[in-house]
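Taken together, the values in this text are just the output of simple stated rules run on the coordinates, not laboratory data. This one's a predicted model, so the numbers in the text were calculated from it and none came from an experiment. Here the Cβ positions follow ideal geometry from the backbone for every residue, glycine too, while neighbour counts run over all protein chains shown.
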Amino acid sequence: MKIDYRETTNDLLKRIDIHSQYGSKNIDQWMLDIVQIKPGMNILDVGCGAGKQCFSYHNFLNGNASITGGDVNAELLEKAKSENTRLQTSIKFIDLDFNQPFPLEDNEFDFASCCFAIYYAEDIPFTIREMHRVLKPGGRLFTSGPMPENKRVFYDIITKATGKVIPPMPGSSRYSSQILAALRNTFSSVAVEIFENPLVFETSEPFLAYTRASLSEDRKLWGSFFTTHDDFEKIMDAIAKVADKRLEQDGKLIMTKVVGGFIATK
């Protein structure tokens with residue numbers, strides 16, 4: 001199944017920044033705690049984007065690992081390479097489309113990750129088999145993605161503001177079902193970990209900035225809600241009114257990120 005999706009760099013980075021500013025928990029630390037990567041490992045990050053996970057691994061292991069990041073988005077990959085040059089690390093960034101055979105050898109990596117990306121795969125079993133193929137026997141794959149309970153306030157406010165049914169999101173609609181099933185069919189064992197991070201907004205502005213970035217980044221998924229810039233702004237105005245009323249009523253907006261971490265062993 002082809003996912004009609006367009007990732008916009010500035011919107012994606014805006015959402016990441018809001019997670020960091022308004023969340024009370026650190027998802028990167030949670031991930032590092034449960035995956036327990038070790039010095040000397042050969043590590044692959046699939047769908048690496050601007051390199052966030054790769055740099056996290058590098059810092060955690062004090063540079064004592066061979067790290068490769070791959071992505072299909074040229075703009076994000078260029079940001080990763082630019083930052084890599086600035087930091088002067090040994091991380092390698094490559095072009096990698098996870099809908100195609102990976103340009104990598106069999107049994108090459110000790111650990112692989114795919115954070116908030118795997119659910120955009122056109123053929124989930126194929127992509128997971130490729131991840132399995134490039135891992136060494138006993139190697140592990142970590143994936144992360146939204147669970148069905150993820151950020152209910154966000155969807156509730158949009159629904160009330162527009163009166164429309166929320167379109168199926170590739171993450172929450174596919175991750176805990178199709179992705180988890182494919183992992184269990186391919187790997188010898190799969191463990192499930194849950195991360196919950198309440199984002200607390202004392203004013204509506206950061207919530208609206210998050211919403212604007214989300215709808216803009218995933219604009220093709222929200223095609224039934226708006227087609228023109230004017231449509232988009234009308235929807236944002238309606239969302240702002242509902243958010244302000246909810247904030248006045250409750251004193252704050254709490255949007256809880258509910259993320260599943262799947263650890264699969266080859």
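Just for the Cα atoms in segment 69-172, what are the lengths along the principal axes, largest first, rounded to whole Å?
Sorted from largest, the Cα extents of segment 69-172 read 49, 35, 21 Å.
What are the residues whose amide H is under 5 Å from the amide H of residue 135, where those residues sit 5 or more places off or on another chain and H is modelled from the backbone?
107, 108, 109
Averaged over all directions, how much area does the convex hull of the C-alpha atoms of the chain cover when projected, in nm²? Intermediate values should be presented prior to the final figure.
On the way: hull surface 54.7 nm².
Averaged projected hull area, Cα only: 13.7 nm².
Could you name the lysines in cross-link range of residue 81, using Cα to Cα under 16 Å and dropping any fewer than eight places away on the same chain?
52, 92
Using each residue's phi in segment 176-181, evaluate 6.51 cos²θ - 1.76 cosθ + 1.60 at θ = phi - 60° and report the 3J(HN,Hα) Karplus result to the nearest Hz, with x for Gly and Pro.
After applying 6.51 cos²θ - 1.76 cosθ + 1.60, I find 7, 10, 5, 5, 4, 5 Hz.
Which order do peptides 25-34, 73-82 fall in by mean Cβ count within 10 Å, highest first?
Details: 25-34: 15.4, 73-82: 17.1.
Result, highest mean first: 73-82, 25-34.
Taking amide H positions as placed 1.01 Å from N in the peptide plane, with prolines and chain starts having none, which residues 5 or more places from residue 116, or on another chain, fall under 5 Å of its amide H?
144, 145
Among DSSP beta bridges lying fully in the chain, give the percent that are antiparallel, nearest 5. Don't skip to the answer; put the middle values down first.
Details: 21 of 39 bridges.
Once the DSSP bridges in the chain are tallied, antiparallel ones form about 55 percent.
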